[in-house]
Amino acid sequence: MSGSIQHLPGIREMLTRLISQPSISSASAEWDHSNEPVVRTLAEWLEPMGFKVEILEVPGLPGKYNLIATLGSGPGGLVLSGHTDTVPFDDKRWQSDPFTLTERDDRWYGLGTCDMKGFFPLAIEAAKAFVDQDLKQPLIILATADEESSMDGARALAEAGRPKARYAVIGEPTGLKPVRMHKGIMMERLVFEGQSGHSSDPSLGRNAMEGMHEALGELLALRSGWQAKYSNPNFKVQLPTMNLGCIHGGDNPNRICARCELHFDLRPLPGMDMKALRQEILDTLQPVAKSRELSLTFEPLFDGVPPFETPAEAELVRACEKLTGHTAEAVAFATEAPWLQKLGMETLVMGPGYIDQAHQPDEFLELSQLDPAVKILKGLITRFCF
């Protein structure tokens, strides 16, 4: 196997170019960008190295692409995965241009430096050492779309059954500490609709707000039940949580409220099934609606991210703990790990940078993280591709 790496840019040059290409993903159309320039740039670097590069359009999302770049072949192998998109930004709160890599205080500043465009140059730098070697199992660099908004890039890959490998590391910012579990996230919408009428005679209408009041009590009782049943000491917040986030209903003090809408979120622990949770909520609320003659709508605000866990004794977890000197831990934020896990891979989250810097003005990646990251990734490639 041979690859040309003599014209490959250095880490800083690669990151400078990736940062300069806006690839914001957002549910808001005015913010949303295509990630195609980022994906094409990665392909431009990976193909001369000998990687077989596939660029796959995400079904139903024009301008959104996943990239699968494969070096070597075989039934197993290692995936190094990252997302190409970033969150929106407020340029008034940035000290420097978010799209220009800026160095100060031994840090690289720019939108996506740590979350998580910075992972790609480091993965490519690590892979560079192996392009002329005979890999026994493939090395796959995976780049996904829309992680920050819908996770639809990873979802599409899982539905397509690709890529196939045995192990996967997602380079989200964890301070180079291995993460083997995170909670899920669900955001739900509940609507009761009744009948308005003059408040002087309650029989003239059916009050949706009173129905919602009863429903709120039922939801909080469900939460108490789940918290009594489920707990995981690996998490800082050890219990599943439910947050009643916003509520809207009615239009005037002297009119019976005809419509009331609640948005709430759930953070299930590993081992809790999102479909079962939704069904339990529905089964609890339908009698409330029926007894008060209200129509009920209950639906997700987005598809949600399942909770994720890889066993402590898994081979990948052991290898990452040995390479980093850190015991694998749990985090509160959600990732694409559940979808890579659905593809049958042992999956772990570990990358340079810190989640505290993500989604913030003046996002940065510490230069002290670069060399250790490359060293760890080289260790993983050696361990799982030979």
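Label reach from L220 (point 7 Å along Cα→C-beta): in region 245-267, amide nitrogens under 14 Å belong to 245. Sorting the segments 333-344, 58-69 by their residues' average number of neighbouring beta-carbon atoms within 10 angstrom, most packed first, yields 333-344, 58-69.
I want the local charge near S203. Using Cβ-Cβ distances under 15 Å, sum +1 for each Lys or Arg and -1 for each Asp or Glu among the other residues. Write down the numbers at each step before the final one.
Details: positive: R206, R255, R292; negative: D201, E210, E293.
Around S203, the surrounding residues sum to 0.
Here region 342-373 is scanned for amide nitrogen atoms under 19 Å from the site 7 Å beyond the Cα of T100 along Cα-to-Cβ, giving 361-365.
So, counting K/R as plus one and D/E as minus one, what does the shell of residues with Cβ under 12 Å around K177 add up to? Show your work: numbers first, answer last.
On the way: positive: R180; negative: E172, E321, E329.
Local charge sum for K177: -2.
Taking 0.36 nm per residue of separation and subtracting the Cα-Cα distance, full extension of the segment from A129 to Q195 would add 16.8 nm.
Scalar couplings 3J(HN,Hα) for region 239-246, obtained by applying the Karplus form with A = 6.51, B = -1.76, C = 1.60 to θ = phi - 60°, are 9, x, 10, 9, 10, 7, x, 8 Hz; x denotes Gly and Pro.
Please find the FRET efficiency linking H326 to Q286, where r is the Cβ-Cβ separation and R0 is fixed at 51 Å, and quote it to the nearest 0.05. Walk me through the intermediate numbers first.
Details: r = 47 Å, r/R0 = 0.92.
Efficiency for this residue pair is about 0.60.
Each of the peptides 256-266, 306-316 was scored by the mean count of other Cβ atoms within 10 Å over its residues; in descending order, highest first, they stand as 256-266, 306-316. Within region 1-66, the GluC sites (Glu not before Pro) that combine a DSSP coil assignment with at most 13 other C-beta atoms in a 10 angstrom radius are E30. Restricting the calculation to Cα atoms, region 186-300 yields a radius of gyration followed by a Dmax of 16.0, 54 Å.
Relative to the longest principal axis of the Cα atoms of the chain, helix 208-229 runs at roughly 50 degrees. Here the peptides 138-146, 320-328, 114-122, 296-304 are ranked by packing, the mean other Cβ count within 10 Å, and the order with the highest first is 114-122, 138-146, 320-328, 296-304.
Provide the net charge surrounding I355, with neighbours chosen by a C-beta distance below 10 Å and charges set as Lys +1, Arg +1, Asp -1, Glu -1.
Numbers: positive: none; negative: D115, E172, D356.
With Lys, Arg at +1 and Asp, Glu at -1, the net is -3.
So if we plug the beta-carbon distance of A228 and E313 into 1/(1 + (r/R0)^6) with R0 = 22 Å, what FRET efficiency do we get, rounded to 0.05? List each step's numbers first, then the result.
On the way: r = 29 Å, r/R0 = 1.30.
Efficiency for this residue pair is about 0.15.
Axis of helix 274-291 versus longest Cα principal axis of the chain: the two differ by about 10°, to the nearest ten degrees.
A short reminder: the numbers here are calculations on the coordinates, not readings from a lab. Just so it is clear, the structure is predicted and the values come from calculations on it, not from any experiment. Using ideal geometry, Cβ is built from the backbone for each residue, glycine included, and neighbour counts are taken over all protein chains shown.
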